[in-house]
Amino acid sequence: MSQADDPRLPGRRQFLTGAALAAAATAVASVPRADARQHTARESSGEFEPFWGKYQGGIATRQQKHAYFAAFDLSTDKREEVIGLLQAWTAAAARMTQGQSAVVLGEDAAAAPADSGEALGLPAQRLTLTFGFGPGLFVKDGADRYGLAQRRPEALIDLPRFNGDQLVAERSGGDLCVQACADDPQVAFHAVRQLARLAYDAAKMRWAQTGFLSGDSSRETPRNLMGFKDGTMNLPTGNPKTMEQFVWVGDEGGWMRHGSYLVARPIRIALEHWDRMKLGFQEQVVGRHKLSGAPLGSKHEQDPLNLEANDADGNPLIPESAHARLAAPASNDGMQVLRRGYSYDNGLSFTAERWPPWRQGMEFDAGLLFLCYQRDPRTGFVSIFDKMSKFDMMNQFVTHVGGGLFACPGGAAEGGYVGQALFETA
């Protein structure tokens, strides 16, 4: 078989069209039965996360240590090629989350390797791959490229421009997104790299951001680059009732049932500015003690926020503009989102700070890859962040520089593909 005819190989137009695509999806989805028995044992031991199921992995999954988030723009105008891409992505993801190569490997020295190989020999490291659809999948530049305009969910809105936004076009938007999370950064990168290869003739990468998490998220609350514990009041993913209320889309979502809406935003932190602030002021900004993570006026991290407590002068112990107060469910009519953020470090870049003394020069290009899931972004992120963007004291140290909103459908049944309900049900 020649390289041009081999359905296992990415990067050729034939791979994403017609019978060759169907053959590729079938080939990469197949797992020998002997392997399946081994996989069951490894899954129960926690070595890897399941791929098939009602919900996509990487949402309620215990957070891994590393993330690679990527957004893609579709370059094809053919609906069947979009379906073919999703089929190939699904099949490859099912393999990679089980610690296998993205596609079946061959030994033809005259052909390009079917997998780039940097994860060969590495365990799965709890890899999850979560897929989402941006507004551009439905309508782009006024064109309904794939006959999906009427299928765009009402909740998949164009995010409003918030106070202080400095969104860079090259780090915003996307027709499709992939969130790869794993306990090894090379495993996460490898997964996105293989998906990008499979998409060569149908989609191209628009922007990407890596991220990392400190400590063991199962034992302690991770700290962000500002040095504070981040996620103390996050939703309990093990509570089905809470997840159904705030995270999973219900019957109102149609084809989005069992899915969730993802807001992804890289947020740059002016670390040089922050590091010059006195400890007391930092704690006033956050609303918590830096060492313990306890709310101001309390001793323990898990103590509830006392938003009614005042100091001897009658001022709130937790300032009105403190980050913790403004983000608290009590300040947002009980609304919550599931946060799944990661710190990031892109090295150095030239920066002009937003606040006095307006320093300019080479500074850390680092911050937070903010990722949050919710049942409806209109009552979730948009409602909560609109207030925070106006009044949060933390705004003098952070700048939202990109991002997007994506509809992440429910999980795929074995033999199906992610997003199948969108394309194949009325």
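The values are calculated or read from the model by the stated rules, or taken from the named source; none is laboratory data. Model, not experiment: these values are computed from the prediction. Note that each Cβ is placed from the backbone with ideal geometry, even for glycine, and that neighbours are counted across all protein chains shown. For accessibility, only protein heavy atoms count, side chains too; no ligands or nucleic acids. Shrake-Rupley method; radii C 1.70, N 1.55, O 1.52, S 1.80 Å.
Just how large is the dipole of the chain about the Cα centre, in debye to the nearest 20, putting +1 at every Lys and Arg Cβ and -1 at every Asp and Glu Cβ?
Around 100 debye, computed over the chain.
In nm, give the distance between the simple-model label positions of M277 and Q150, each being 7 Å from the Cα along the Cα-to-Cβ direction.
So the label points at M277 and Q150 sit 5.1 nm apart.
Between region 372-406 and region 44-122, what is the C-alpha centre distance in whole Å?
Centre-to-centre (Cα) distance: 30 Å.
Taking the Cβ of M233 as the centre, find all other residues whose Cβ is under 13 Å away and add up their charges (Lys, Arg: +1; Asp, Glu: -1).
+1
Using the crude model of +1 on Lys and Arg Cβ and -1 on Asp and Glu Cβ, and no other charge, please compute the dipole size for region 217-336 relative to its Cα centre, in debye to 20.
So the dipole magnitude of region 217-336 works out to roughly 460 debye.
Most fluctuating residue of Q166, Q179, Q336 in a GNM of the chain with Cα springs under 10 Å: which is it?
Taking springs between Cα atoms under 10 Å, the residue moving most is Q166.
Starting from the Cα-Cα distance between V104 and T425, subtract it from 0.36 nm times their residue separation and give me the gain in nm to one decimal.
Full-extension gain reported as 112.5 nm.
From the helices alone, meaning DSSP H stretches of at least four residues, give me the mean residue ellipticity at 222 nm for the chain, per-run term -39500 (n - 2.57), in deg cm²/dmol to the nearest 500.
After summing the helix terms and dividing by the residues of the chain, the value is -6500 deg cm²/dmol.
Identify the residues of region 175-211 with backbone N under 14 Å of a label point that sits 7 angstrom from the Cα of D73 along the Cα-to-Cβ direction, or state none.
175-176, 202-208
Net charge around Q166, counting only other residues with Cβ within less than 11 Å of its Cβ (Lys, Arg = +1; Asp, Glu = -1)?
Residues near Q166 contribute +3 overall.
Once you keep just the Cα pairs under 8 angstrom separated by 6 or more residues, what percentage relative contact order results for the chain?
Working: 883 pairs, mean separation 96.3, N = 426.
Result for the chain is 23 percent.
Using the basic label-point model (7 angstrom from Cα toward the beta carbon), what is the K387 to R161 distance in nanometres?
Distance between the two pseudo-spin positions: 2.5 nm.
Any chance you could run the full-extension gain for F350 through D141? It's 0.36 nm times the residue separation minus the Cα-Cα distance, nm to one decimal.
Roughly 72.0 nm would be gained on extension.
Near S343, within a Cβ-to-Cβ distance under 14 Å, what is the net charge of the other residues, with Lys and Arg +1 and Asp and Glu -1?
Neighbourhood net charge equals +4.
Just check region 59-131 against the gyration tensor rule for me: Cα atoms, a ≥ b ≥ c as the square roots of the eigenvalues, rounded for a/c under 1.5, and otherwise prolate or oblate depending on whether a/b exceeds b/c.
Verdict is oblate for region 59-131.
So, in Å, what gap is there between the alpha-carbon centers of region 155-197 and region 216-240?
When both Cα centres are located, 21 Å separates them.
First compute the accessible area of the chain with a 1.4 Å probe, then give the percent of it belonging to carbon and sulfur atoms.
51
Please check which bits of region 283-305 a label hung off R219 would reach, taking the label as a point 7 Å along Cα-to-C-beta and the cut-off as backbone N under 20 Å.
The answer is 291-294, 301-302.
Relative to the longest principal axis of the chain, what angle (0 to 90°, nearest 10) does the C-alpha long axis of helix 381-391 take?
40
For W207, enumerate residues with amide H under 5 Å from its amide H, sequence gap 5+ or separate chain, H modeled in the peptide plane.
A71
Once fully extended, how much extra length lies between Q302 and E47, figured as 0.36 nm per residue of separation less the alpha-carbon to alpha-carbon distance?
88.8 nm
Sort 314-320, 236-242, 85-91 by the packing proxy (mean of other Cβ within 10 Å over each peptide's residues), most packed first.
Values: 314-320: 15.6, 236-242: 11.7, 85-91: 24.6.
With the highest mean Cβ count within 10 Å placed first, the list reads 85-91, 314-320, 236-242.
Say the dipole of region 315-389 comes from +1 at the beta carbon of Lys and Arg and -1 at that of Asp and Glu; which of W355, F370, V337 then lies farthest toward its positive end?
My answer, from the dipole projection, is V337.
Of the residues A294, A352, A102, which exhibits the maximal mean-square fluctuation in a Gaussian network model of the chain defined by a 10 Å Cα contact cut-off?
Among A294, A352, A102, the largest GNM mean-square fluctuation belongs to A352.
For the charge dipole of region 83-177, defined by +1 on Lys and Arg C-beta atoms and -1 on Asp and Glu C-beta atoms about the Cα centroid, which residue among Q98, G132, V168 has the Cα displaced farthest towards the positive pole?
Result: G132, furthest along the dipole toward the positive end.
Taking the Cα centre as origin and putting +1 on Lys and Arg beta-carbons and -1 on Asp and Glu beta-carbons, what dipole magnitude results for region 54-127, to the nearest 20 debye?
600
Got a number for the accessible area of R375? Probe 1.4 Å, square angstrom, nearest 10.
Spelled out: R375, probe radius 1.4 Å, area about 80 Å².
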